[in-house]
1. In percent, how large is the relative contact order of the chain, given Cα pairs closer than 8 Å and 6 or more residues apart?
2. Could you tell me which of the pairs K13/K106; K60/K101; K60/K113 are separated by over 24 angstrom between their Cα atoms in the structure shown?
3. Give me the distance between the Cα centres of the stretch 106-149 and the stretch 37-51, rounded to whole Å.
4. For K90, which aspartates and glutamates qualify as cross-link partners when the Cα separation must be under 17 Å and same-chain residues fewer than eight apart are set aside?
5. Working from the alpha-carbon coordinates of the chain, get Rg over Rh, Rh being the Kirkwood radius.
6. Packing-wise, with mean Cβ within 10 Å as the measure, how do 68-74, 136-142 rank, highest first?
7. Could you run the Karplus curve 6.51 cos²θ - 1.76 cosθ + 1.60 with θ = phi - 60° over the stretch 80-85 and give me ³J(HN,Hα) per residue in whole Hz, x for Gly and Pro?
8. Under a point spin-label approximation (7 Å from Cα along Cα-to-Cβ), what is the Q75-V14 distance to one decimal in nm?
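Please treat every number below as a calculation from the coordinates, not as lab data. Not measured: the values here are computed from a predicted model. Every residue, glycine among them, receives a Cβ derived from its backbone with ideal geometry; neighbour counts consider all protein chains shown.
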Amino acid sequence: MLVVRKVNDRDSKVIFNWRNDDLTRKMFRTSELVEYEGHCKWFAATLKNANRCLLMCERKDGEPIAVVRFDVEGQSAELSINLSPLERGKGLAPKCLALAKDYFEKQYPFVSKLIAEIKTLNLASRKSFEKVGFMLDREAEGFWHLSVSINT
């Protein structure tokens, strides 16, 4: 069984390690290695940012599976997921996305639309988002742009 919760200080190192994984970097907008000091500054700012919701998806025993980020801008939020390299290919991403989406909807009732930008070479991620209701809006410059309405 999987659960989601807000991230805390103890999650910083695992998120840092996942972010610098080779395949993860290939799928991010920016693919360079992140230095630990820069990550720590980003993480501290993220925890204080009221317009960012960072959730950890984990097994009931506390084993981390994925981090899901929501960046709120007005009535929409951009959503992304970073799955643990050890958990790829197990069908867990859609489950984590669904749990995170449900949690987010309750915490941010004024947000009516979620958007995602996925590199076109990341078909697995696109399929995961589509399994939780996202629809393709367009493809441009190497990215798929997907969205779903929420809180309606």
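1. After rounding, I find 21 percent.
2. Exceeds cut-off: K13/K106; K60/K113.
3. 24
4. E58, E63, E130
5. 0.93
6. Top of the packing list down: 68-74, 136-142.
7. Computed from phi, the couplings for the stretch 80-85 are 9, 9, 10, 7, 3, x Hz.
8. Spacing of the two 7 Å Cα→Cβ label points: 3.6 nm.
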